[in-house]
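Read-outs: derived from the displayed coordinates by stated rules, not from any lab. All of these numbers come straight from a predicted model, not from anything done at the bench. Cβ sites come from the backbone with ideal geometry, for glycine too, and all protein chains shown count toward neighbours.
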Amino acid sequence: RSGFRRGVGGERRSAVGLLPGTRGARCGHSDMPQVLALRPQDLFPFFHKSSSKHDLDATAQTWCLPHGRHTGADALKKLTGDVEELMVRQESLRLAGAAERERRSLSETAGGSPRRAQDMHAVSEDVHKQLNSILALMRGLEADELNSPTSPKRSSAAETVKLLEKLIAADLPAQLLAQMDILEFDARTDVMNVCSALLRPDMPERIDQQVVEYFRNHPTVFRVLVDGYANEETALHYGVVLRSCARHRELVEAFLASGLAHDLVKHAARPCVDVSSDAFYTLREMLLEHKDVSAPWLERNFAEFFRQYNYLLESGDYIAQRQAQKLLTDTLLDKHFNKVMLAYVSSERNLQIHMVLLKDRSKVIQLEAFQVFKVFVANPAKPAPVQRILYRNRSKLVSLLESLQTAKPEDTQLCQHLRGIVARLSALSPAGSPRSSKEPPATPAPSSKVAL
């Protein structure tokens, strides 16, 4: 009775007034309030805060239900439950066999089990929602806010750091990465973004050290990231996370020590252009981002690495050959990899590969092959097998290099290098004989650097 008040003319109405588009019921009583004709579900659409000015004007007399605050702790708790459910589903798929076929049927047709497809969609949507909440908190997290005692955001930054510490302690990043292939695209992207944000260089030192230690000491995370290249749908997501790891010297060292760089070379040979290009990009970051770490590793693993890498140069695939040539040139001509370069140009097998590339029908591949071939010729300490091969083929090589000068006549540095290598080849002497007086003198150096 207290919920009603007297209206104009003595009529009793609901305290929320007559709702738009409703009519009262005729129950035989003149004082029966019209609003009683509404069902409970008819009331709910009107108990909300409107988002537009027009709606605010139209429903100015309605009550609004309170909105609950969605905290980072809530998102973490729900995300933990989602991950547990994903792990159970992943295991059931593995035990049932033919996991890839079942995933495709769920994502494309969902013909055999529409309920399971709906459940997976719901889980993916919830993962997407919770990760978005965590990302929103991470966007405003900067190191100076946490360290500065006068920062107005210091309290919220400290809470965010605690949340991220719990995220790592629960092993959620690695578990989400392991389940990425059964998530939908939006959720995959959020997993990628959260992991990449955790690996940002400008994170507060307190959480940055924990993240680096977490990834470095985790037993499976690098394997999961590299194996992700086997699935074209997830390859690019895993590649972004791997390149985020390359920002940290300690993680590059751990990745190379794991031996997974050899698997990365294999993925660079995949027929899918997107996957191959992304694998090359990641390999470049791992080798050239922290050269003081990668150069000693490449020296120790020279034979195994280049046995696989040379396959890319001989594959006959134009894109793979071009990317392999570019990365090899940038590596060998870098001073940090001087010992690697000397070992590479001392192999007659490597010389034969680049001599074949010099005869490729593509001028671009020919010119890129020359960038490595010139190191073989300019090496002042050529091994006897290398010198013999160059001497036997010097006439054909001179003719070929002279023809390349017409490819880029405007490139004066290239033409100068071509003329210099042609002069060295023309004056080349047989292996084991004294150097001809016509051969341009090499510039020996104590560090055995090649004079170009």
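Quick rundown of the values:
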item	result
In Hz, Karplus ³J(HN,Hα) per residue of the range 199-205 (6.51, -1.76, 1.60; θ = phi - 60°; x = Gly, Pro)	8, 4, x, 9, 5, x, 4
Of Lys78/Lys266; Lys359/Lys382; Lys266/Lys339; Lys326/Lys382; Lys335/Lys374, pairs whose Cα-Cα distance is over 27 Å	Lys78/Lys266
Distance (nanometres) between label positions extended 7 Å along Cα→Cβ at Ala303 and Ala381	2.0 nm
Net length gained if the chain between Tyr318 and Val88 were fully extended (0.36 nm per residue, minus Cα distance)	78.5 nm
Per-residue HN-Hα couplings for the range 387-396 [Karplus 6.51, -1.76, 1.60; θ = phi - 60°; Hz; x = Gly/Pro]	5, 5, 5, 5, 5, 5, 10, 5, 5, 5
Distance between the range 379-415 and the range 290-351 - C-alpha centres, whole angstrom	20 Å
Tail beyond 12 Å, pair distance distribution of the range 186-236 (Cα, percent)	70 percent
Unit Cα scatterers, Debye sum, the range 155-266: log10 I(q)/I(0) for q = 0.14 Å⁻¹	-0.54
Evaluated at q = 0.13 Å⁻¹: base-10 log I(q)/I(0), Debye formula over Cα of the range 214-365	-0.58
